[in-house]
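Contents: one structure, followed by commentary.
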Amino acid sequence: MSTVILDKIVKRFGTFTAVHPTNLEIPEGTFLTLLGPSGCGKTTNLRMIAGLLDPTEGEIRIGGKSVNNVPIHKRNLGIVFQNYALFPHKSVADNVAFGLKYRNIPSSEIPGRVQKALDLVQLPDVGDRYPKALSGGQQQRIALARAIVIEPDVLLLDEPLSALDANLREDMRVELKRIQDQIGVTTVFVTHDQSEALAMSDQIVVMSAGRVEQVGTPEEVYNRPASEFVANFLGASNIIEGKCTGKDAETAALDVPVFGKVPVPADKAPHVSEGAAKLVLRAEKLLLMPQGADTTGMVTSEAVVETVDYQGQTVRYFIRAGDRQFQAINMIDGHPFAEGTTVTVGFRPIDCAGLPG
Amino acid sequence: MSVEAREARQPWILLAPAISAVTLLLLVPLIFIVVYSFWLRTATGADQVGFYLDNWQEALTDRFYRDILFSTLRIAAITTVVCALMGYPAAYFIARSRGNKVILLLLLMLPFWISYIIRTMSWINILGVSGALNTLLMSVGIIGEPINMLYNETTVILGLVHFLLPFMVLNVFVSLDGIDTNLEDAANSLGATKWQSFIQVTLPLSLPGLAAGGLLCFVLGAGTYITPLVLGGPRDAMFANLVFEAIITQLNWPLGSALSLMLLVVLGALVMIYNRYLGMAQLMKGLG
Ligand SMILES: Nc1ncnc2c1ncn2[C@@H]1O[C@H](COP(=O)(O)OP(=O)(O)O)[C@@H](O)[C@H]1O
Ligand SMILES: [Mg+2]
């Protein structure tokens with residue numbers, strides 16, 4: 001268990017820069033997620049920490065020591081690959097025992113440790129089987145057992161849940177988090193799935209095109225997106241360009257088309273100053289109401305429902321207010337508003353964030 | 001006709017051309033050979049139809065045939081081992097190279113565009129008394145007189161390796177190419193060095209390809225007659241040369257048939273052993 005530090009890391013493949021200068025500190029015991037769309041450099045970062053790729057520039061430190069010149073087999077890391085990468089010619093028990101053989105562990109202790117790891121992933125009885133005889137979810141657990149049985153300093157997971165089907169994925173999410181809590185290992189988790197990142201992480205690093213867009217807790221990156229990219233990547237947002245007419249310690253007064261004045265809490269608009277600014281309005285925060293409903297404390301407008309995308313508990317609406325289209329995701333009980341209905345739409349200013357224009 | 005009945009018939013319709021070709025071109029001639037091997041060649045040169053065991057007795061008891069059979073198997077075995085040792089690293093290199101695999105494989109196949117006989121004869125121009133190597137060595141002054149390098153067992157093996165190496169490389173390549181590179185990375189991350197990961201993971205997973213390549217090299221090597229004819233001396237005849245000699249030179253079809261069946265049985269037994277071994281490997285599930 002160790003702190004991991006990326007110090008001005010750059011990775012180039014030929015002339016293509018996959019990772020632009022990146023600084024990152026992953027405190028001991030943290031569950032940190034690299035989140036971003038496919039191709040943004042998540043795996044490249046993870047592989048550099050693992051020692052499977054050499055950084056072009058910069059230094060990686062694990063537990064205070066530079067590991068740039070430490071080969072992968074001496075780094076003591078546990079890696080879980082997206083496709084599990086279990087050894088098909090070895091039994092489950094031999095797979096899990098693999099890493100123990102290269103450590104100074106008396107061979108009499110190995111079966112006990114293997115069993116403990118299998119117990120931890122709640123598959124105590126599959127030791128004699130071969131990976132092919134296990135389901136995808138089970139293989140994933142064995143891959144995890146194999147990675148943690150060596151008591152790694154850092155656990156690295158590259159989209160470990162993406163090959164599982166939806167229900168299993170949610171179960172494994174909880175399971176993985178439980179195991180990580182239990183052993184307290186510093187964990188770097190790679191995913192392109194924002195809900196996975198929000199549900200599991202202590203810290204989220206949102207990446208885009210080889211750059212870090214924002215680092216923060218799930219609550220921070222969700223509620224206080226540092227850029228338009230983050231606002232859009234973590235759930236759907238309406239970004240409304242307008243201007244800031246004044247800012248004090250409490251609020252930043254934004255003025256936007258359609259809705260008019262919106263007093264955004266100052267701490268949710270840290271980089272906004274007077275002049276051009278953008279309002280970030282999350283789709284879930286924009287409520288559709290019948291005309292004449294009580295809208296105390298809300299900023300409102302009249303709107304016409306254009307498209308209704310019914311999803312059971314929630315409905316996604318596209319509405320038109322003035323000359324603009326907005327997206328709203330509302331919980332409903334009963335019937336959704338029909339297309340063509342004129343409604344009142346509104347939101348609370350404290351649910352919004354501001355970005356510099 | 002019901003859907004099931006149609007589906008049940010379909011594989012047979014699709015297989016029919018192949019089955020008739022195999023029957024006509026392989027099975028029927030084989031039956032002829034079996035029948036021939038019990039005929040008898042008389043002093044007049046005519047074949048006497050009947051059921052005589054004379055050819056089989058001669059083929060099985062004459063030391064001459066047995067010695068050549070053993071030396072044929074030995075040469076095939078050495079060739080196979082050399083092909084494996086040379087071919088495995090080459091296949092590994094191709095399988096692990098990025099992007100240009102197709103070109104490398106094409107280069108590997110390139111020699112097949114030239115006739116096997118010409119490829120074999122090319123060694124005469126390289127190793128012959130007035131060949132490239134002797135000329136070079138003499139012009140550099142390392143030797144004064146040309147050395148006789150041709151027409152011995154070593155040149156036969158050289159020719160066989162030249163002929164069979166691509167088969168080994170291809171077979172090993174196919175099985176290495178199918179191995180997920182994450183497996184080696186995973187082994188590395190768990191503490192195994194590159195070499196240990198190779199021994200523990202990649203090598204065992206590539207054994208089916210190595211075995212297939214080995215079998216192919218061995219069977220093709222043991223059945224060859226052109227290479228010893230072109231590159232071997234009078235004492236380097238291999239078993240297929242005896243068959244050739246009996247049938248083409250002496251026109252003794254019955255004896256030639258018995259001899260060729262002998263080789264067929266020996267090599268067939270080898271294929272069975274291979275099958276049996278792979279059958280056992282199947283127990284180690286996942287190699288599939
Ligand atoms: N070995 C490589 N050679 C060249 N380009 C690569 C290599 N590995 C990754 N890349 C490129 O680097 C970028 C980031 O890749 P990656 O880290 O795998 O993205 P992610 O995991 O976020 O989907 C991609 O554009 C990818 O094409
Ligand atoms: Mg990736």
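Which one of B:L164, B:I33, B:M109 has its Cα pushed farthest toward the positive end of the charge dipole of chain B, where Lys and Arg give +1 and Asp and Glu give -1 at the Cβ?
Positive-most Cα among the choices belongs to B:M109.
Once the mean 1/r over all distinct Cα pairs of region A:115-263 is inverted, what Kirkwood radius in angstroms do you read off?
Taking every pair of different Cα atoms in region A:115-263, averaging 1/r and inverting gives 18.2 Å.
Work out the charge dipole of the protein assembly as shown with +1 on the Cβ of Lys and Arg and -1 on the Cβ of Asp and Glu about the Cα centre, then indicate which of B:L53, B:T224, B:F198 is farthest towards its positive end.
The residue sitting farthest along the positive end of the dipole is B:L53.
Averaged over A:78-90, how many beta carbons belonging to a partner chain fall within 10 Å of each residue's beta carbon?
Mean shielding count: 6.
Summing -39500 (n - 2.57) over the DSSP H runs of n ≥ 4 in chain B and dividing by its residue number, what mean residue ellipticity at 222 nm do you reach, to the nearest 500 deg cm²/dmol?
Rounded to the nearest 500, the figure is -22500 deg cm²/dmol.
List the DSSP H helices in chain B whose Cα atoms stretch 30 Å or more along the helix axis and whose mean Kyte-Doolittle hydropathy is at least -1.0.
B:63-96, B:153-177, B:253-281
Which value at 222 nm does chain A reach when only helices count, each DSSP H run of 4 or more adding -39,500 (n - 2.57), with the total divided by all residues and rounded to the nearest 500 deg cm²/dmol?
That calculation yields -6000 deg cm²/dmol at 222 nm.
Suppose we take every Cα in the protein assembly as shown and form the convex hull; what volume per residue is that in Å³?
Given the Cα convex hull of the protein assembly as shown, per-residue volume reads 287 Å³.
Per residue of A:67-73, what is the mean number of Cβ atoms on other protein chains within 10 angstrom of that residue's Cβ?
The shielding value for this peptide is 3.
Nothing charged except the Cβ atoms of Lys and Arg (+1) and of Asp and Glu (-1): what's the magnitude of the dipole of the protein assembly as shown about its Cα centre? Round to the nearest 20 debye.
Dipole about the Cα centre, nearest 20: 1360 debye.
Diagonalise the Cα gyration tensor of region B:1-43 and give the resulting equivalent ellipsoid semi-axes, square root of 5 times each eigenvalue, largest first, whole Å.
40, 9, 5
How large is the charge dipole for chain B, taken about the Cα centre, if only the Cβ atoms of Lys, Arg (+1) and Asp, Glu (-1) carry charge, to the nearest 20 debye?
That gives a dipole near 440 debye.
For A:K247, give me every one of the lysines with a C-alpha distance below 17 angstrom, ignoring sequence neighbours fewer than eight places off in its own chain.
The reachable lysines, counting only those whose Cα sits under 17 Å from A:K247, are A:K261, A:K268, A:K278.
Rg and Dmax of region A:236-356, Cα atoms, in Å?
Spelled out, the Cα radius of gyration and Dmax of region A:236-356 are 14.5, 43 Å.
Would you mind listing how long region A:1-119 runs along its three principal axes, going by Cα atoms, in whole Å with the largest first?
49, 30, 25
Taking just the alpha carbons, could you work out the radius of gyration and Dmax for chain A, both in angstroms?
24.2, 76
Could you size up the charge dipole of chain A around its Cα centre, putting +1 on the beta carbon of Lys and Arg and -1 on that of Asp and Glu, and report it in debye to the nearest 20?
It comes to approximately 1160 debye.
For region A:236-356, what relative contact order do you get, as a whole percent, if you take Cα pairs closer than 8 Å and at least 6 residues apart?
32
Can you classify chain B as rounded, prolate or oblate using the Cα gyration tensor, where a ≥ b ≥ c are the square roots of its eigenvalues, rounded means a/c under 1.5, and otherwise it's prolate if a/b beats b/c and oblate if not?
Verdict is oblate for chain B.
May I ask you to derive the relative contact order of chain A, considering only C-alpha pairs under 8 Å and at least 6 residues apart, and to give it as an integer percent?
About 16 percent, as a whole number.
Mind checking A:142-154 for the average number of partner chain beta-carbons within 10 Å of each residue's beta-carbon?
That works out to 1 on average.
Just from the alpha-carbon atoms, what are the Rg and Dmax of region B:78-216 in angstroms?
Considering region B:78-216 through its Cα atoms, Rg and Dmax are 19.0, 59 Å.
Compute the length gained on full extension between B:M86 and B:V49: take 0.36 nm times their separation in residues and subtract their Cα-Cα distance, giving the result in nm to one decimal.
Result for the pair: 8.4 nm of gain on full extension.
Using a 1.4 Å probe on protein heavy atoms only, how many Å² of accessible area do B and A hide from each other, summed over both chains and rounded to 100?
Approximately 2000 Å² gets buried when B meets A.
Here is the link list: A:K101/B:K194; A:K11/B:K194; A:K42/A:K116; A:K42/A:K65; A:K8/A:K101; A:K90/B:K194. Which ones come out longer than 26 Å on Cα distance?
Among A:K101/B:K194; A:K11/B:K194; A:K42/A:K116; A:K42/A:K65; A:K8/A:K101; A:K90/B:K194, the Cα-Cα distance tops 26 Å for A:K42/A:K116; A:K8/A:K101.
I'd like to compare A:45-55, A:106-116: which one has the highest average count of other Cβ atoms within 10 Å, and what's the full order after that?
A:45-55, A:106-116
The values are calculated or read from the model by the stated rules, or taken from the named source; none is laboratory data. These numbers were taken from a predicted model, which means no experiment stands behind them. We place every Cβ from the backbone using ideal geometry, glycine too, and count neighbours over all the protein chains shown. Each accessible area value is taken on the protein alone, full model and side chains, heavy atoms only, with ligands, DNA and RNA left out. Shrake-Rupley method; radii C 1.70, N 1.55, O 1.52, S 1.80 Å.
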